[in-house]
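Asker: Dropping a structure here in structure tokens format, bear with me for questions.
The values are calculated or read from the model by the stated rules, or taken from the named source; none is laboratory data. These figures come from a predicted structure and were not determined experimentally. Here the Cβ positions follow ideal geometry from the backbone for every residue, glycine too, while neighbour counts run over all protein chains shown.
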Amino acid sequence: MFYALVGLRGPLALVLKYALLGAADALLILLLSAAINKSSFIIAGVVIATLIFLNYSFITKGAIPLKFLSVGLIFFTIFVVTPTGYTILMSTYNFKTGNEIARESAIVEILNNGLLPDDAGTTYDLFLGKSSDDQFAAILFDPVRSQLLYATERGTRPISEGDITRDSTGFIIEAKGIVKLTDEEFSGLDEVITNLRFPLGDGSFANPQGTDVAARLTQSIEYNKNKDQLINVQSGEIFIDNGEGNFVSKDDPSFKLDPGWRAFSGMDNFKSLFFDKNLRDPFIKVFIWTIAFAFLSVGTTFAVGMALAIALQDPIKFRRFYRGFLILPYAIPSFMSILIWRGLFNQEYGAINTLFGLDVAWFESPWLARFAVILVNLWLGFPYMYLIGSGALQAIPSEIEEAAAIDGASEKQAFITIKLPLLLQILSPLLIASFAFNFNNFNIIYLLTGGGPTNAIDGEVAGATDILISYAYKTAFGTNFQNLGLSSAISMVMFVIVGSMSLYTLKKSKVLNNL
Amino acid sequence: MTKKRYGVVGAIAAAALAVSVMAVPTAFAAKKSIVIWADDTRGPALESIVKQMEAEVPGYKVSVRSFASYDALGTAWDKATAATGPDIILRDGSLALSGSKSGKIQSLIISSTTRAAFSKAAIGALTVKARVYGIPTDADVTGMVYNTALMAKAPKTMQEIYDYYTANKTSKGLTNGICSFNGTWGAQPVLTALGGGTWGYKGTTANLSKVVFNSPAFKKNAKKYLLGADGKTNGFFSYSECDSAFKAGKVPVALVGAWNMDGIQKAGIKYAWGSLPGVTEGTFGNQWVGYSAAYLTSYATKHGVRIGANQLLNRFFASEEGQLAFNEAQKTPRPLAHLSASEKTKDLDAAGLGQASRNAVPQLNGPLGDKTGGADWYAVSDDALKDIFAGKDLNTTLDKAAAILAKNFANAAKS
Amino acid sequence: MSKKVGSNNAWKHILAISLVLFTAFPIYVVIVTSFDPTGGISSNSLLPVKFSFDNYILLFTDSRVPYLSWMKNSLIIASATAVTSVLIGAAAAFAFSRLRFRGRRIGLKSLLLIQVFPSFLSLSAIYVMMEQVFLVTPSLGLGSIWGLYLIYIGGALGVNAWLLKGFLDTIPLELDESARLDGASVPQVYWLIFLPLAAPVLAVTAVLSFIGTFNEFILASLFLQDVEKRTVAVGLQQFVGGQYEQTWGPFAAGSIIASVPLVILFLSLQRFIIGGLTAGATKG
């Protein structure tokens, strides 16, 4: 039998298969041991799950579809599904500038900001080491008041110069009852030492600020764990959790303590997107332009590409040259062409103004900028439409055309009444895919106009050429103020739109019902 | 599973184990690392003086990560977490504000000697709610350079530049009389020289309740100097495309930052430093001065190097020797923030900028970045100038812009 | 088909020539700019004023512009992504096209749906993930081209499975049925019948994936922070991405060098590409 002879079932194939699997396993186990080593248990868990899934799918008998899908599924789950899930989760959080970190970290930072130096900014020369009972002990020397203290975490007591030894520069090099930490010991204990507090008796304490210096500080804000409140020790002001990711003054809820944290906010991001006028109006404006942009992009590229496909369908002179040359825009990396176009549209030096003898600020007028975006997208996109158009033309049986010719229809009539509808039907999945692509065509907007122009003076937040995806990007990663929560909500809305569009197409084109 | 399969599984497991055993983890280096993040100009400079930095923090290693551009550093910082985030970051003054808000930057306890080593403006620029959030490293400021092949002497009045421009526009192919390399931020001296600006002053402190963006003097002078008979820009002043125009020798006067000097020198332009003159002799435009700083991040605590990083900031970045060493290691040094160090710098451009920026006023990041009125100062001033240059009515445009700025400043003044 | 050839070809030539001019315009300008040592994009004159190789020389001599490394990185990462993603995509497409299993339709649907999710907003999530990986093995995490490669092929399943499934569906069922009757196992049908038949389409998919990866710069600019490790897209973008300072000369020169291999690849595979693009749509 032919198939038995060529292998893929024989011992050689088995060896090959298991060698590959073994290699993959070895790599994964390497990764696993590294992960365990660095106590990165999440990664270790993911690796173990991957190992089990991979080996199960290849070693188990049967489950053939799984063998074909498992590798792809693993990557897809880790690098697409997981981050997508994260984005969905973030849309339910108040996650923006000022509310970025976890709650515990925010409290730590607030307490840290509550550490105040005394009015004189007292600092001490620090000689830090351990006492005989292995506790931290230090000599503190206040050069201003010539005060010498022996300090432990329980308290301080004055000592005399006789208890210490200084070098010629006055630097303390030895002290009775303390073994000084070496540099390496010190850096190794950094995270402990940074929290050391040597009480000075009056509520203030000395806290190490460097290897040989400490500052006199007081803790002006304290955290009451039981009541989950922050209290200003001096004024007695109380700060409570406002449920939106900030501690605010009990008396004046508009007074916030920085930093805040990212807090669960349910549907608030979606609500504000639809009901907060300042967010809704730009959103609607951007939404309308996004639809218009996607339609115009598909429409113009299809019209030009299809016309070209018809023009070049039958042999004419230079056809080979036309074909080869006109698909160049599709072959040249688009990020380069878009950037080049941006240069061409430049007001002062751009080749377009030079060519036509104009002095037009293309990207400063909303309509001109939109025109430029569509024009550049036409340049980028018509070759693709030409390619699929000519493919589709070939797929139309020539009998149809001949039949039309016999019926006495003119070429034009035959095209409009018979061919075009057929072409549209054939190409509809690709056209819709193209629409979805342009709906999310981030690169052209980001690289060509950056979404602009934005007329800030008229109170515009979104630019004239901003489409949803560039607007979401700006919202999430813009300058000065970033709102990842809101931006995730925008993504969700886009997802629902494009997703239902895609499903609808699928249903209509009956792709899923075939077979 | 058949017997054969068990055999195969065993073989795989054995092979896999064998490979992984070979990769027994090696023990860590004992010293802890203090990680510094910086951009493409500061980073390489710091890398070259790591030894000097390490001398200030015995027991720690110092490692510097240079990013490919200023923007790349910003993006990475925005997304960084404790996993790979830095312990110290070098960034502009606005990070004090955003970092204190986000909790990613820690406030510092600085000694009175350190405080005294810097100008009040420098410390003030990094102070938020009475806490200091960084050690100033260098001043981000612009100065005026003039192309000595075109203008032999520094201009004394705005009129002088204007006359030169109109007289030589066609004969020398001048594109502008003055141009700014750094957008509206860099254009601030022109606005102030023409009697406008952003906010008023009570003595030397900013008066945020008084917006002078649309002052009568500015309206009058802007019409006279910036607009032509058709109500559009006359080309005298531009804040876009300055780079190529000045390097091509087509603009006599430019407003530049230290970071622009490398390109100007490469283009072979002969230049001298000066201050942008106002409408009357003896007055000058005021440029913004911001202070870049070295910041202590909250990741340092999580990495267990907080004291080390803090000491590096105070002993190296805040010291005269450290500032000079850092400055000299940079290819295009900027004016230093440290008072006594800035007097000792040997770099001519840094010194020239230092001289040229005598008239600088503090760039207050709070009000300038505030968006309460709908957009921040950067966007508003940019749009206002663009609109005016394109022929929109000067008075109404300036008034509209000023109204937005007033809202922003009022909000910023509250917090 | 070929009735009245040449009867009314004037409009065809007019259309084609105007499109040729439209297409040629930016290409012409970029070529002129690449030889202009002053660095502007066509300063005031469309005709070449100065001619020098300075911009090209700069790309290969300036230590701050490691163009060769960028090119190498781009080629490595794009080739690896193209090959891997086609392998993954073809296997999945085969399973979806020819095998019957529980969850097949729902699987196909969800693949499509997740694919249309505006995924780069999950940048932050991916960044955090790759930071963790970096801590475990720096060679696969943040900053390494192999980490970026992993992310790219994460998306391969969705895109390519759908594209390729469309083509595999057009292969007559009888073909594999008769092979099965001859005693071929499923993997044999896949490796010995389907892959050879689909080779042209696979090549096209690989080329498209190659170009797509070559073009990608949002993820790449976020991940590849060291100058040496960047891709061409990220590296070149720096020349002209600045707000106030743009150097078009080196950008133009770099773009031309980077485009040439792609254009050659594309033109030589042109015939297959037309077939590949329409494979899914025009079946039946």
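Asker: Going by what's in this entry, would A:I374 be described as part of a helix (DSSP H, G or I), within 20 Å of C:T33 (Cβ to Cβ) and in the same structural domain as A:Y386 (by TED's automatic domain parsing)? Please lay out each step first, then the result.
Answerer: On the way: part of a helix (DSSP H, G or I): yes; within 20 Å of C:T33 (Cβ to Cβ): no; in the same structural domain as A:Y386 (by TED's automatic domain parsing): yes.
When the stated conditions are applied, A:I374 does not pass them.
Asker: In addition: When the residues of segment A:38-70 are narrowed to those that are in a loop (DSSP other than H, G, I, E, B) and under 28 Å from the mean Cα position of the chain (by Cα), which ends up surrounded by the most Cβ atoms within 10 Å (Cβ to Cβ)?
Answerer: Applying the filter and picking the extreme gives A:S40.
Asker: Another question, then. Can you pull out the residues in segment B:393-412 that are more than 8 Å from chain A (Cβ to nearest Cβ) and more than 22 Å from the chain's Cα centre (by Cα)?
Answerer: Once the filter is applied, which keeps residues that are more than 8 Å from chain A (Cβ to nearest Cβ) and more than 22 Å from the chain's Cα centre (by Cα), segment B:393-412 yields B:D393, B:L394, B:N395, B:T396, B:L398, B:D399, B:A402, B:A403, B:A406, B:K407, B:A410, B:N411.
Asker: Find all pairs meeting these conditions: Cβ atoms under 8 angstrom apart; at least six residues apart or on different chains; first residue within segment B:65-78 and more than 8 Å from every other protein chain (Cβ to nearest Cβ); second residue of a type in the set (S, T, N, Q) and crowded, with 21+ Cβ neighbours inside 10 Å.
Answerer: Final answer for the pair search is none.
Asker: Separate question: Just a yes or no: is a residue in segment A:406-428 in contact (Cβ under 8 Å) with a residue 60 or more places away in the chain and of a type outside the set (A, V, I, L, M, F, W, C)?
Answerer: yes
Asker: Now a separate question. Restricted to segment B:375-401, and to residues that are among the small types (G, A, S) and crowded, with 19+ Cβ neighbours inside 10 Å, which residue is farthest from A:F363 (Cα to Cα)?
Answerer: Per the stated criteria, the residue is B:A401.
Asker: So, in segment B:55-106, of the ones that are under 22 Å from the mean Cα position of the chain (by Cα) and among the acidic types (D, E), which residue ends up surrounded by the fewest Cβ atoms within 10 Å (Cβ to Cβ)?
Answerer: B:D71
Asker: Scan the strands (runs of 3 or more DSSP E) fully inside segment A:162-220 and keep the ones with 2 or more residues being within 22 Å of B:T114 (Cβ to Cβ) and in the same structural domain as A:D125 (by TED's automatic domain parsing).
Answerer: A:205-208, A:213-219
Asker: Does B:K400 meet the test of being assigned by TED's automatic domain parsing to the domain that holds B:W185, within 25 Å of B:F236 (Cβ to Cβ) and in a loop (DSSP other than H, G, I, E, B)?
Answerer: no
Asker: Take segment A:332-353 and flag every residue that is of a type in the set (F, W, Y) and either assigned to a helix (DSSP H, G or I) or modelled with pLDDT of 85 or more (or both).
Answerer: Within segment A:332-353, A:F335, A:W341, A:F345 meet the criteria.
Asker: Would you say B:K232 is surrounded by fewer than 24 Cβ atoms within 10 Å (Cβ to Cβ), in contact (Cβ under 8 Å) with a residue 24 or more places away in the chain, over 28 Å from B:K172 (Cβ atoms) and charged (D, E, K, R)?
Answerer: Numbers: surrounded by fewer than 24 Cβ atoms within 10 Å (Cβ to Cβ): yes; in contact (Cβ under 8 Å) with a residue 24 or more places away in the chain: yes; over 28 Å from B:K172 (Cβ atoms): no; charged (D, E, K, R): yes.
Here the answer is no, as B:K232 does not meet what is asked.
Asker: Then there's this: Within segment B:285-301, count every residue that is away from chain A (no Cβ under 11 Å) and not in a strand (DSSP E or B).
Answerer: Count: 3.
Asker: Just give me the residues in segment A:83-94 being without any contact (Cβ under 8 Å) to a residue 60 or more places away in the chain and crowded, with 17+ Cβ neighbours inside 10 Å, in sequence order.
Answerer: A:P83, A:T84, A:Y86
Asker: In addition: For segment A:107-120, what are the residues that are of a type outside the set (G, A, S) and either at the interface with another protein chain (Cβ under 10 Å from one of its Cβ atoms) or without any contact (Cβ under 8 Å) to a residue 12 or more places away in the chain (or both)?
Answerer: A:I107, A:V108, A:E109, A:I110, A:N112, A:N113, A:L115, A:L116, A:P117, A:D119
Asker: Given the conditions (1) within 12 Å of chain A (Cβ to nearest Cβ); (2) surrounded by fewer than 21 Cβ atoms within 10 Å (Cβ to Cβ), and given that C:A233 satisfies all but one, which numbered condition is not satisfied?
Answerer: (2)
Asker: Out of all the residues in segment A:197-216, is one or more over 30 Å from A:T182 (Cα atoms), within 40 Å of the chain's Cα centre (by Cα) and not basic (K, R)?
Answerer: no
Asker: Which residues, counting only those in segment B:182-195, are in a loop (DSSP other than H, G, I, E, B) and surrounded by fewer than 23 Cβ atoms within 10 Å (Cβ to Cβ)?
Answerer: Hit for segment B:182-195 is B:G195, nothing else.
Asker: Which of the residues spanning segment A:95-106 are more than 9 Å from chain B (Cβ to nearest Cβ), buried (at least 17 other Cβ atoms within 10 Å of the Cβ) and in contact with a strand residue (DSSP E or B) (Cβ under 6 Å, 6 or more places away or on another chain)?
Answerer: A:K96
Asker: For A:S160, which of the numbered conditions (1) hydroxyl-bearing (S, T, Y); (2) over 25 Å from B:L313 (Cβ atoms); (3) surrounded by 12 or more Cβ atoms within 10 Å (Cβ to Cβ) fails to hold?
Answerer: (3)
Asker: Also, I was wondering about something else. Being outside any helix (DSSP H, G or I) and touching a residue at least 24 places away in the same chain (Cβ under 8 Å) is the filter; apply it to segment B:371-392 and report the residue that is nearest to the chain's Cα centre (by Cα).
Answerer: Per the stated criteria, the residue is B:D376.
Asker: Here is a follow-up. Within segment B:247-277, how many residues turn out to be of a type in the set (D, E) and out of contact with any Lys or Arg (no Cβ under 9 Å at 6 or more places or on another chain)?
Answerer: 0
Asker: So, A:L181, is that one aliphatic (A, V, I, L, M) and touching a Pro at 6+ places or on another chain (Cβ under 9 Å) or not?
Answerer: no
Asker: With within 19 Å of B:K104 (Cα to Cα), in a loop (DSSP other than H, G, I, E, B), modelled with pLDDT under 95 and not hydroxyl-bearing (S, T, Y) as the only criterion, which of B:G268, B:G282, B:G304 stands out?
Answerer: Criteria check complete, one pass: B:G304.
Asker: Please enumerate the residues belonging to segment B:79-97 that are within 10 Å of chain A (Cβ to nearest Cβ) and within 30 Å of C:K229 (Cα to Cα).
Answerer: Listed by number, the residues that qualify are B:K79, B:T81, B:A82, B:A83, B:S94.
Asker: Please find, within segment B:142-160, the residue that is nearest to the chain's Cα centre (by Cα) out of those that are of a type in the set (A, V, I, L, M, F, W, C) and surrounded by fewer than 24 Cβ atoms within 10 Å (Cβ to Cβ).
Answerer: B:A154
Asker: Name the single residue that is nearest to C:A206 (Cα to Cα) among those in segment C:131-174 being within 11 Å of chain A (Cβ to nearest Cβ) and not in a helix (DSSP H, G or I).
Answerer: C:G155
Asker: Follow-up. Looking at segment A:451-473, which of its residues are of a type outside the set (D, E), within 14 Å of chain B (Cβ to nearest Cβ) and part of a loop (DSSP other than H, G, I, E, B)?
Answerer: A:G451, A:G452, A:P453, A:T454, A:N455, A:G459, A:V461, A:A462, A:G463, A:A464
Asker: Against the definition (farther than 30 Å from C:H13 by Cβ and outside any loop (DSSP other than H, G, I, E, B)), how does A:I240 come out, yes or no?
Answerer: yes
Asker: Under 7 Å between Cβ atoms, at least 6 apart or on separate chains: pull out the pairs that start in segment A:52-64 with a residue that is at pLDDT 80 or above and end on any residue that is among the small types (G, A, S).
Answerer: Listed by first residue and then by second, the contacts come to A:F53/A:S70; A:L54/A:A24; A:L54/A:S70; A:S57/A:A63; A:S57/A:S70.
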